[in-house]
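Coordinate-derived values only; no laboratory data. These figures come from a predicted structure and were not determined experimentally. With ideal geometry, Cβ positions are generated from the backbone for all residues, glycine too; neighbour counts draw on all protein chains shown.
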Amino acid sequence: MILSIDMKRYLIACFLSFSCLFVFPQDLKTTEINVVEGLDVSVPDAVKLNIKASFQDTSKLDKTQKYFFINKAFYSNFITRPLVAAKVKSKNKYDVNSTNIKLALGNYSYKYGDVSYNSKYKKSFSYGLRLTSTANKYKTTIPAEYDVSNKDQSLSLFTRSVLSKSIIGSSFNYDNIVAQHDFSNANGSDNKNTFTYSQLACFISSRSSENQRTSHKTTFSFSDFNSQTENHIVLSSDISSTINSTPYNLFVEFNNYLNYNNPNDVMHVLQREKLDVKIIDITPNFHVNKFGFDIDFGFNLGIENNNSENTADIFPLLNIRKELVKNVLNISFGIDRYDDRNTLASLSRENPYIHSLGLNSSVNEIIDSSHTLETTDIYELYFNLDNKLSDDEFLSFDIAYGKVSKLHYFDLTHYMDYNRFSVDYIDVWQLKINSNYNRKLNNLLSLNLDVDYFYWNKVVPHKADLHASLSFPVSVRDKIECTPSFEYIGKRKATQMTGLFIEPPERETIELDEQFLLNFSVNYNYSKKFGFYFNLNNILNSQKELWLGYQQLGMNLNFGLNFLF
């Protein structure tokens, strides 16, 4: 059925009328509003809390903060991959001078030359060499006029290689010394001593690492004196390790001294006894910290084999250190023991006018005479103080007292026509004091003072009880450096035979005068590549005897040039 349009309209109207029954109207309530008249708005006046201001100087307040550190190492078996540090490369290579040449001339036929070369900077490998030559001639007046000439020529080579876990190095040194003095021989012949020294050495040491608890440095060297007249072999190792937070150290050294072992020098060998001396030193120690002191405990065991004769010596070692004021005042004290073998090489370097029978081909080798070689042992108590008085002032003081067994000294011995020195030994109690003082007075002037004092309970020939040096370096803008210096050598005793041929020979004691030496040096750096220097030595013209019968060189000067490239 289809609805008509009117019918549709009728139905819509009915639906809308029926829907209105369900619409609820909104209930709006009446709101009461109160209006207040005469409202007065005002701002209260400000009131000062403090009429009089007060000030306090906070710079005088103690702002010190105290920190306490636990000095203890912690270890674990847990292994992690170490972090690789970042590599920083410089844009420019290091600009270093690899070659240095010094040349100098002076009075008394003084000649000096020095040539050194160092490889360019490399992280893994470096090497270098140096050649030096010094010579002079002069005449003495005490005790008579004698011709004197000296020569010293040396060659040095070194290499150094840095690996991932170790450092390896080697060196070679050669030195030739000629000391000629007419006083040494009454006939004017055989008055020259010639000594040659050579040494080949190498070492290997471990590189430090945070994960590495054990480190070492091992050294080997072989020395020769005057073509197998004397040989010295050294093998040593210094090992450090940390066990249960306690550091330990072990030093082991083997020395072998061989004398008169040249098989080609038949006359030389027949007249003199061969020596084969072996010395082993074993020194363990460990470190602890107690009551604020750093303490090292240990001992030294020395074993010596001298031509199948064995001797052993053991001595405790103690070193106690304390930093009383951090980075300012340090003290240390304890007991120590060390030894020093007297060799033909060491004696000839100290005194080039020793008897050279059996040492030089120019001297009559059929004479059966040789030096007695012994080992000097020192047992001492010591005390050390280091004090930083200010940023530019430092003081160091050392004192030691103990027994010295077989201390060597030199005696002038007239043998045949030779007036030279022989070596002898004495047991003494020794007091040794050293003081060093350095101060920078201002931007131009500095002061350096060094004093050594010795006291022995017996007379020790040719050894001064007091030696002091004082210098005042002056630097002007790193261009000019002037250094006046003063040196004092105290009085010494010397002994010599009276000339009576009796056994034992009678000896007389002679006092050698004290010496005052004044020197002055000037160094001018014209540029980074060129400079020159001037030295004026022994300005007071002191011509006293350095060794009995051997006079010192008087006032002398030299002028030199310095090249860098």
Please label the shape of the stretch 106-564 as rounded, prolate or oblate, based on the square roots a ≥ b ≥ c of the eigenvalues of the alpha-carbon gyration tensor (a/c under 1.5 means rounded; beyond that, a/b larger than b/c means prolate, else oblate). rounded
Of the cross-linked pairs Lys139/Lys529; Lys137/Lys544; Lys192/Lys274; Lys278/Lys403; Lys290/Lys388; Lys192/Lys544, which ones have a Cα-Cα span greater than 28 Å in the structure shown? Lys139/Lys529
Can you tell me how much longer the chain between Asp147 and Val325 gets when fully stretched, taken as 0.36 nm per residue apart minus their C-alpha distance, in nm with one decimal? 58.3 nm
Distance in nm between pseudo-label sites at Arg341 and Thr64 (7 Å out along the Cβ direction from Cα): 5.4
How large is ³J(HN,Hα) for each residue in the stretch 326-334, as worked out from phi by the Karplus curve 6.51 cos²θ - 1.76 cosθ + 1.60 (θ = phi - 60°), to whole Hz, x for Gly and Pro? 4, 6, 10, 10, 10, 10, 8, 7, x
Would you mind calculating the gained length between Lys111 and Phe220 on full extension (0.36 nm times residue separation, minus the Cα-Cα distance), in nm to one decimal? 35.7 nm
Distance in nm between label sites at Val252 and Met416, each 7 Å beyond Cα in the beta-carbon direction? 4.6
What's the center-to-center distance, using Cα atoms, between the stretch 287-352 and the stretch 511-545 in Å? 36
Extension gain (nm, one decimal) between Asp238 and Val178, 0.36 nm per residue minus Cα-Cα: 17.9 nm
Which FRET efficiency value, to the nearest 0.05, do you get for Ser206 and Lys440 by plugging their Cβ-Cβ distance into 1/(1 + (r/R0)^6) with R0 = 41 Å? 0.60
Under the rule of at least 5 residues apart or a separate chain, name every residue whose amide H is placed under 5 Å from the amide H of Ser98. Phe565
Suppose R0 equals 51 Å. What FRET efficiency, 1/(1 + (r/R0)^6) with r the Cβ-Cβ distance, do Asp391 and Ile426 give to the nearest 0.05? 0.65
The set of residues whose placed amide H lies less than 5 Å from the amide H of Leu540, leaving out same-chain residues fewer than 5 positions away, is Leu518
Once phi is turned into θ = phi - 60°, what whole-Hz ³J(HN,Hα) does the Karplus curve with 6.51, -1.76 and 1.60 give for every residue of the stretch 472-484, x standing for Gly and Pro? 10, x, 10, 10, 10, 6, 6, 9, 10, 10, 10, 9, x
Cut-off under 5 Å, modelled amide H: who pairs with Lys463 long-range: Lys493
For the stretch 446-462, what does the Karplus curve 6.51 cos²θ - 1.76 cosθ + 1.60, with θ = phi - 60°, yield as ³J(HN,Hα) per residue in whole Hz, taken in order and with x for Gly and Pro? 10, 9, 10, 10, 9, 10, 10, 10, 10, 10, 10, 7, 9, 6, 10, x, 6
Place a +1 charge on the Cβ of each Lys and Arg in the stretch 386-489 and a -1 charge on the Cβ of each Asp and Glu, then give the dipole magnitude about the Cα centre in debye, rounded to the nearest 20. 60
Between Gln543 and Asn118, with labels modelled 7 Å along Cα→Cβ, what's the label distance in nm to one decimal, could you check? 4.2
Say R0 is 56 Å: what FRET efficiency, to the nearest 0.05, do Phe315 and Asp57 get from their beta-carbon distance? 0.40
Using alpha carbon centroids, what distance separates the stretch 379-414 and the stretch 228-247, in Å? 25
Sort the following peptides by mean Cβ neighbour count (other Cβ atoms within 10 Å, averaged over residues), highest first: 420-428, 464-472, 156-164. 420-428, 464-472, 156-164
Roughly how far apart, in whole Å, are the Cα centres of the stretch 463-483 and the stretch 104-172? 23
